[in-house]
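Below: the structure, in structure tokens.
The values are calculated or read from the model by the stated rules, or taken from the named source; none is laboratory data. Model, not experiment: these values are computed from the prediction. Don't worry about glycine lacking a Cβ; one is built from the backbone with ideal geometry, like all the others, and counts go over all protein chains shown. Ligands, DNA and RNA are stripped out before the accessible areas are found, and what is left, the full protein with its side chains, is counted by its heavy atoms. Shrake-Rupley method; radii C 1.70, N 1.55, O 1.52, S 1.80 Å.
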Amino acid sequence: MSLTDTLGLGFMTFAFFLGAGNLIFPPFAGMLAGENMSFAMLGFLITAVGMPLIGLIAVAKANGKVMALLPAFAATALAIAIYIIIGPAFAAPRTGLVAFEIGARPFISNPDAVMMLAGKEFNIAQLIYTLVFFSIVMFLSLYPGKLLDNVGKVLTPILILLLVSLASSVIILPGFEVNQPVGEYINSPLTKGIIEGYNTMDTLASLMFGMLIIDLLRKKGVNDTADQTKYLVRAAFIAAGGLAFVYVSLFYLGASAGDFAIGAENGGQILTNYVTHHFGSIGMLMLSTVVTLACLTTAIGLVTACAEFFNELMPSLSYKLLVVLLSIICATVANVGLSQLISVSIPVLMTIYPVAIALVLVTFLTERFARPAFSHRVILSVALFFGIFDGLQTAGMDMSFLDFMPLHAEGMAWLLPTALTAIVCLFLPKNRVATA
């Protein structure tokens with residue numbers, strides 16, 4: 001691959017990750033963290049940049065087969081769960097909703113008008129927008145071989161130019177004095193930042209996108225495994241650098257938002273207020289373009305990856321049919337509403353994220369395990385077991401009987417047991433029966 005192709009691959013990877021949550025969560029977290037922004041931002045960067053980067057490298061290291069050592073049923077179930085969460089259930093519909101909230105709502109005279117359809121109320125503007133949005137996603141996803149050209153070389157450079165302009169304004173223009181931290185950011189800014197990084201869903205996405213990129217490389221004629229790994233790792237570092245740049249600037253914007261953050265319920269409102277104040281209607285048009293492009297490219301990547309996966313799982317369903325079905329499902333789920341979608345997704349993420357992180361960890365440790373298959377299974381089982389309790393606690397259930405566990409209050413009860421299990425597995429002796 002030429003240098004231009006490699007950069008295009010990296011830009012495409014960056015664009016796939018930079019979607020809805022990546023733009024709305026950092027400013028809000030920065031505002032709440034205030035003077036503790038540095039620690040919160042570090043935690044956020046660990047799970048929103050570091051883990052996706054390591055996830056892509058893990059996929060490259062395993063040649064796209066990160067679940068190969070799990071039982072077939074468990075591997076399939078885990079893969080289906082990840083693809084549904086990151087695809088039609090939460091992440092993909094959220095891209096359309098955020099694109100509407102920030103990219104379209106400010107320009108609509110009556111954005112809250114409703115209509116009755118099949119006995120239910122629907123926001124007219126949101127319904128029309130999401131239908132058009134996912135129609136475009138469907139069209140661009142039908143031809144995955146052109147993804148590198150369409151996304152990596154056309155859409156992403158425009159997106160990066162607009163993001164650099166926004167980030168530069170945060171540095172150049174004077175901001176308000178940084179406020180005091182509030183809530184959990186007072187005493188636990190690092191762990192709270194780590195948990196907030198879950199919301200981007202990028203560690204889950206890295207497992208999908210890694211396999212999608214390997215497939216795209218094959219279609220570009222890169223069939224050698226070593227070359228696929230090389231180009232995927234390069235793309236991962238380009239994407240990670242871009243994401244870190246965006247997050248740092250958005251965190252700082254939120255921390256110094258001052259009056260722009262008054263009454264804000266999410267980072268999207270902070271961004272809108274900031275841009276409107278400094279740049280007026282032209283600025284809002286720029287922000288609208290940034291958000292729409294970011295959400296569009298991510299949605300394309302998610303729908304494409306999900307369609308590829310379910311096509312391999314169920315060959316009787318063609319890739320193009322799955323793209324159409326997934327796009328329709330995403331448009332339907334998107335009309336549930338952004339706040340409801342986020343509130344439902346958080347407990348699910350608290351449950352599945354520990355498993356994804358553990359999966360990335362064991363991929364790097366595979367060669368050090370004397371009993372790799374057994375180690376993979378037991379470590380992921382422990383992560384899932386304690387992740388379920390974290391998810392139930394987030395959903396509002398009483399899990400006080402686990403208060404004795406380190407990091408339970410912060411929603412990370414899974415971390416220490418999983419780490420200890422991994423350490424124990426490193427010292428397990430070889431299976432004598434297998435050796436004999």
Per-pair calculated FRET efficiency, R0 = 22 Å: Leu42 and Leu407 via Cβ, rounded to 0.05: 0.85
Solvent-accessible surface ranking, highest first, for Asp215, Asp227 at 1.4 angstrom: Asp227, Asp215
Long-range amide H partners of Val114 with built H, under 5 Å: Ile124
With all protein chains modelled, accessible area of Leu420 [1.4 Å, Å²]: 90 Å²
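Taking all pairs of different Cα atoms in the stretch 191-339, averaging 1/r and flipping that mean, what Kirkwood radius in angstroms comes out?
The answer is 18.3 Å.
Quick check: net charge around Gly301, other residues with Cβ under 13 Å of its Cβ, Lys/Arg +1 and Asp/Glu -1?
-3
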The stretch 1-80: C-alpha pair distances exceeding 14 Å, %: 75 percent
Sparse-neighbour loop sites [trypsin sites (Lys or Arg not before Pro); the stretch 348-436; at most 11 other C-beta within 10 Å; DSSP]: Lys430
Computed over the stretch 1-138: relative contact order in percent, which uses C-alpha pairs under 8 Å that are six or more apart: 14 percent
Segment Phe122-Ile186, extension gain: residue separation times 0.36 nm, minus the distance between their alpha carbons: 19.1 nm
Cβ-Cβ FRET estimate between Ala373 and Val114, R0 fixed at 56 Å, reported to 0.05: 0.55
Debye equation applied to the C-alpha atoms of the chain, log10 I(q)/I(0) at 0.06, 0.09 Å⁻¹: -0.24, -0.56
Ranked order, Leu32, Leu285 - accessible area, probe 1.4 Å, largest first: Leu285, Leu32
Whether the stretch 163-208 is rounded, prolate or oblate, judged on the alpha carbon gyration tensor where a/c under 1.5 counts as rounded: oblate
Cα-based shape type of the stretch 80-237, given that a ≥ b ≥ c are square roots of the gyration tensor eigenvalues and the cut on a/c is 1.5: oblate
Axial C-alpha extent at least 30 Å, average Kyte-Doolittle at least 0.5 - helices from the chain (DSSP): 225-255, 267-313, 338-365, 372-394
Shape call, the stretch 30-137: gyration tensor on alpha carbons, a/c limit 1.5: oblate
Rule-of-thumb Rg ratio for the stretch 229-304 [Cα; 2.2 N^0.38 Å; N residues]: 1.34
Paired Rg and Dmax values of the stretch 167-261, which use every Cα atom, in angstrom: 18.7, 55
The chain, relative contact order in percent, only Cα pairs under 8 angstrom and at least six apart counted: 31 percent
Loop-located GluC sites (Glu not before Pro) in the stretch 244-337, at most 10 other Cβ atoms within 10 Å (DSSP): Glu265
Spatially close lysines, pair count over the chain: Cα under 18 Å, gap of eight or more or interchain: 10
The chain - percent of accessible surface contributed by carbon and sulfur, probe 1.4 Å: 68 percent
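Leaving ligands, DNA and RNA out of it, rank Ser318, Ser345 by accessible area with a 1.4 Å probe, largest first.
So, going from the largest accessible area down, we get Ser318, Ser345.
Placing +1 at every Lys and Arg Cβ and -1 at every Asp and Glu Cβ, with all other atoms neutral, what dipole size does the chain have around its Cα centre, in debye to the nearest 20?
Approximately 1420 debye in magnitude.
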Under 14 Å, Cβ to Cβ, from Ala113 - net charge with Lys/Arg +1 and Asp/Glu -1: -1
Solvent exposure of the chain as accessible area per residue, Å², 1.4 Å probe: 42 Å²
Within the chain, helix-based [θ] at 222 nm, where runs of 4 or more DSSP H residues each add -39,500 (n - 2.57), nearest 500: -23000 deg cm²/dmol
The stretch 220-370: relative contact order in percent, alpha carbon pairs under 8 Å with at least 6 residues between: 8 percent
Rounded to the nearest 10 Å², the accessible area of Leu117 at probe 1.4 Å: 80 Å²
